[in-house]
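Asks: Please read through the structure below; I'll follow up with questions.
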Amino acid sequence: MNYSIPAKLYFELAAFAYLLLLGIIATFETGVKTRTTKLFRSFERFMLAALVISILTYTFAVPELGTPLWVCLILRTMDSVACVLSSQQYALYMVAGIDEKGKYTILAVIDWVVFGVYGLCMLINLVHPFILWYTAEGEYLHGSLFVPVVFTPPVYFMTSSLILLFVRFKDLDRRRGYTLLAASVITLIGTVIQAATGGALLLSLPCGAMGVMIVYYVLEAPDYRKLQESNEKLRIAEQNAIRANRAKSDFLASMSHEIRTPMNAVLGMDEMILRETEAGSVADQEKLGRIHTYGENIRDAGNVLLSIINDILDLSKIESGKMELVREKYHFAKTLQDVNTMMRIRAEQKGLRYVVETDGEMPEYFYGDELRIRQILVNILNNAVKYTEKGSVTISVTQKELEGRNITLRIAVRDTGIGIRKEDMEQIFGAFERVDKEVNHHIEGTGLGLSIVKQLIILMGGRIEVDSSFGEGSLFAVEIPQEIAGGGLMKNYEADGEQEGAGQEVQVFRTKDCRFLLVDDNRMNLLVAKHFLDELDAEIVSVTGGEEALEKMRREKYDLIFMDHMMPEMDGVQVLEISREDPENINRETPMIMMTANALNGMREEYLQTGFADYISKPIDSKQLMAVVRHHLPEEKIL
Ligand code: ADP
């Protein structure tokens, strides 16, 4: 016997060497093994076994060299089975790697069935040869079923996994998709070359082994798997964080709404204490004075609480993307003057100089969200006054660019206060962030103001800049695009503002022969609204539910109806809708006014669209209430 390794096996020998090396490296690897890793290992081992068997077959299954024919037949059979089995293992690995959700498990089952049928044929062939055999003379022959039986399974395994790869390609991460594609293509090339050269070049297994190498180093090496695992953990953590954040915003929104309702009662009742104690008798003067001070304290604390709640509500609206800006024509000089009047008092109370610099060339009217512009100004100026102990606060208002009807409004607020350290500059815009807490602890604040200001400015398409020297003072500059809405030039903004403001104050008035219906499920709130309206000398009928209100509307004529929104059984909007359809209702034409703690942006428009004549938010502002009543009553009923 003189066996020698044929030259055409050199590729397979090389492949055997590198696959063996890979197997050894992989054995020492630690880390978590996933389902695909296990399938990959099994595929790799079958491939190694197929290479060994192939080398043995081509070296020893040679009858001329004296190998018994039955040994040759068994070697040939094992060679074919090992090849088919390794392509089947590749298909199983592909299915598991592509189909992470286990949707295509049926494909893996079919792969096993195909292999089972093939294996059975090969077993029968050992007893009754019809696929491959050796003649008595030692000649190796293939039957006509050789190609269908031996080639169909690997072709099926390769094509089915390639089709699956193409179908799912866009859902896979790029690295996985392209690696699997490269491994399949290289194996296919090897198989095609082997078939085209009639087996002269044995490249199918070496190319398959190369595919194994690629897959190992790109997808199955432990460092990449660890990366994937931590990416997955990060993704889950990110989702949890987003969810928690959303939950927090929702919670804050609903909580602030809930708090507003009782706050209405607190502030309203307090207003009553203040009014009644002012008119106390001389004998009770001292006692009443004390009660009055208590009342004042409640009012101050209540107002602080209310502004905090409003800030939280604003922030949660911004975070949940529900903050909507309105676009309406407003008189900028009036806004500026209002804000300055308020701030000048605060600054002068602290002994600070309050300086206003304006650009006389600026237009009077803009389109924009006046309320939010006011909020931005108040916040920045408030901080300037709050964080300055001596010196001055200067506000300068200029226009920067003028293009057609669009200008950039630049508002700069300079103070000579405590200043901000360079390293704290970024932080001050974060929600709940306050810097220099040791120095500032005596100054009240929640750290929400600047965060809201910045978000509002971004929503408006503007920007905010800070320049500060620690211990010397700060400059907050805001640039907001606004559209000119006509009017003249803002030459003398103080006079302009006052002129505009005139006539807007509601004169004190009384009513004649008026009857109002108040609907609210909260008795405290009913009492508060009733007290506010009492000074109008109207008859006030209060009810605590929708049914009762509908009943009253059928029996008595009212001049105005004030309706709460959130009520058990029937809410305010339903009461309005039913009352409008009710043929017995004699108040179908009576203006119905929504009076609610639901102070979300855009609610006003929504209520008006539903059919309400007006909208008042709680806690009730008595001036606003009076203005609404005045607006909806006919002249002959006003005294
Ligand atoms: P706060 O309610 O604490 O005032 P803000 O969000 O308005 O919250 O401001 C955040 C922080 O920025 C403040 O706590 C303060 O440390 C700093 N800051 C803001 N404006 C000024 C200013 N004009 N001078 C100095 N520090 C300021």
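Asks: Checking the condition modelled with pLDDT of 85 or more and either open to solvent by 60 Å² or more (accessible area, probe 1.4 Å) or of a type in the set (G, A, S) (or both), which residue from K422, K491 passes?
Replies: K422
Asks: Checking D520 against (1) more than 15 Å from T596 (Cα to Cα); (2) open to solvent by less than 30 Å² (accessible area, probe 1.4 Å); (3) of a type outside the set (F, W, Y), which single condition isn't satisfied?
Replies: (1)
Asks: Which of the residues belonging to the stretch 441-462 are part of a loop (DSSP other than H, G, I, E, B), more than 9 Å from the ligand (Cβ to nearest atom) and either at pLDDT below 85 or not small (G, A, S) (or both)?
Replies: H441, H442, M460
Asks: Only one of these is farther than 20 Å from Y118 by Cα, touching a strand residue (DSSP E or B) at 6+ places or on another chain (Cβ under 6 Å) and surrounded by 14 or more Cβ atoms within 10 Å (Cβ to Cβ): L9, L22, L69. Name it.
Replies: L69
Rundown of residues vs (1) farther than 25 Å from V326 by Cα; (2) out of contact with any helix residue (DSSP H, G or I) (no Cβ under 8 Å at 6 or more places or on another chain); (3) open to solvent by less than 20 Å² (accessible area, probe 1.4 Å), yes/no style:
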| residue | (1), (2), (3) |
| --- | --- |
| D369 | no, yes, yes |
| N379 | no, no, no |
| N383 | yes, no, no |
| E389 | yes, yes, no |
| T394 | yes, yes, yes |
| V397 | no, no, yes |
| L402 | no, yes, no |
| A412 | no, yes, yes |
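Asks: A follow-up question, please. Please find, among L306, L352, the residue that is surrounded by 14 or more Cβ atoms within 10 Å (Cβ to Cβ), on the phi < 0 side of the Ramachandran plot and modelled with pLDDT of 85 or more.
Replies: The unique qualifying residue is L352.
Asks: Find all pairs meeting these conditions: Cβ atoms under 6 angstrom apart; at least six residues apart or on different chains; first residue within the stretch 77-94 and over 10 Å from F40 (Cα atoms); second residue polar (S, T, N, Q) and open to solvent by less than 10 Å² (accessible area, probe 1.4 Å).
Replies: Close Cβ pairs (under 6 Å, with a partner that is polar (S, T, N, Q) and open to solvent by less than 10 Å² (accessible area, probe 1.4 Å)) amount to D79/S54; D79/T57; A91/S161.
Asks: Here is a follow-up. Could you give every pair whose Cβ atoms fall below 8 Å, whose first residue belongs to the stretch 335-364 and is over 25 Å from G486 (Cβ atoms), and whose second residue is acidic (D, E), counting only separations of at least 6 or pairs across chains?
Replies: K350/E389; Y354/E348
Asks: Could you list, ordered by first residue, the pairs with Cβ atoms under 8 Å in which the first is in the stretch 564-582 and free of Cβ contacts under 8 Å to residues at least 40 places away in the same chain and the second is open to solvent by 80 Å² or more (accessible area, probe 1.4 Å), at least 6 apart or interchain?
Replies: Close Cβ pairs (under 8 Å, with a partner that is open to solvent by 80 Å² or more (accessible area, probe 1.4 Å)) amount to E569/E547; M570/E547; S579/R588; R580/R588; D582/R588.
Asks: Quick one: would you say E479 is at pLDDT 90 or above and either under 30 Å from E389 (Cα atoms) or open to solvent by 40 Å² or more (accessible area, probe 1.4 Å) (or both)?
Replies: yes
Asks: Right, here's the next one. Cβ contacts < 7 Å: first residue in contact (Cβ under 8 Å) with a residue 40 or more places away in the chain, restricted to the stretch 614-637; second residue of a type in the set (S, T, Y), any location; separation 6+ or different chain. Result?
Replies: So the pair list comes out as K618/T261; K618/T596; L633/T511; K637/T511.
Asks: Another one. From E500, E438, E465, grab the single residue that is loosely packed, with under 15 Cβ neighbours inside 10 Å and either in a helix (DSSP H, G or I) or modelled with pLDDT under 90 (or both).
Replies: Only one candidate passes the filter, namely E438.
Asks: Being part of a helix (DSSP H, G or I) and open to solvent by less than 30 Å² (accessible area, probe 1.4 Å) is the filter; apply it to the stretch 582-638 and report the residue that is farthest from G572 (Cα to Cα).
Replies: The qualifying residue farthest from G572 (Cα to Cα) is M626.
Asks: So, one more: Wholly within the stretch 325-422, which strands (runs of 3 or more DSSP E) include no fewer than the required count, namely at least 1 residues that are within 16 Å of the ligand (Cβ to nearest atom)?
Replies: 353-358, 392-403, 406-415
Asks: Any residue in the stretch 115-125 that is under 51 Å from the mean Cα position of the chain (by Cα) and more than 21 Å from Y216 (Cα to Cα)?
Replies: yes
The values are calculated or read from the model by the stated rules, or taken from the named source; none is laboratory data. A quick note: this is a predicted structure, and the numbers were derived from the prediction, not measured. Cβ atoms come from the backbone with ideal geometry, glycine included; neighbour counts cover every protein chain shown. Accessible surface is based on the protein model in full, side chains and every heavy atom, while ligands, DNA and RNA are left aside. Shrake-Rupley method; radii C 1.70, N 1.55, O 1.52, S 1.80 Å.
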